[in-house]
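A short write-up of the structure that comes next.
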Amino acid sequence: MERDQTEELRALQDTLYFIGGKWRIPVINSLCNGNRRFREIERSIPGITTRMLSKELKDMELNKLVKRTVYPETPVLIEYEPTDYCRTFGNIIGEMINWGREHRSVIIRDDKN
């Protein structure tokens, strides 16, 4: 059976668009590790700016990856959590982490030779 390479390419491009930004995966990783409040997420990702985190969270909310809950307290409390749909990406992130660790060890090993 012949594969539909056009469909595969479109699916791959959709995935790359989703993960293509510098901060998207670190934000998802932070959320999946239990960080819920804006400042917790921000502190868990070295180098991200407040503005960039805000933009990423808004984009992720629009793409059904993050649920934003506002609690009417004083001061207002806002929490973010990954949606079930977002969690489907967890295995991919885990594999990316494993591949990155292996790649680093290959590069270090090759540099020593």
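Structure summary
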read-out: Fewest-first sequence of Val76, Val27 by Cβ atoms within 10 Å of each Cβ; value: Val76, Val27
read-out: Distance between modelled label sites at Thr49 and Lys64, nm, 7 Å Cα→Cβ extension; value: 3.2 nm
read-out: Number of Lys pairs (Cα under 17 Å; 8 or more positions apart or on different chains) in the chain; value: 5
read-out: Relative contact order (%) - criterion: Cα under 8 Å, at least six apart; region: the range 5-112; value: 22 percent
read-out: C-alpha center-to-center spacing [the range 68-97, the range 1-23] in angstrom; value: 24 Å
read-out: Per-residue Cβ neighbour rank within 10 angstrom, fewest leading, Trp23, Trp99; value: Trp99, Trp23
read-out: Exposure proxy order (Cβ contacts within 10 Å, fewest to most) of Ile41, Ile97, Ile108; value: Ile108, Ile97, Ile41
read-out: Using alpha-carbon coordinates, inclination of helix 90-112 to the longest axis of the chain, degrees; value: 50 degrees
read-out: 222 nm mean residue ellipticity, helices alone, for the chain (DSSP H n ≥ 4; -39,500 (n - 2.57); rounded to 500); value: -19500 deg cm²/dmol
read-out: Highest-MSF residue in the chain out of Gly90, Gly47, Gly100 [GNM, Cα springs under 10 Å]; value: Gly100
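Values in this text are rule-based calculations from the coordinates and carry no lab data. Only a predicted model underlies this, so the values are computations on that prediction, with no experimental measurement involved. Don't worry about glycine lacking a Cβ; one is built from the backbone with ideal geometry, like all the others, and counts go over all protein chains shown.
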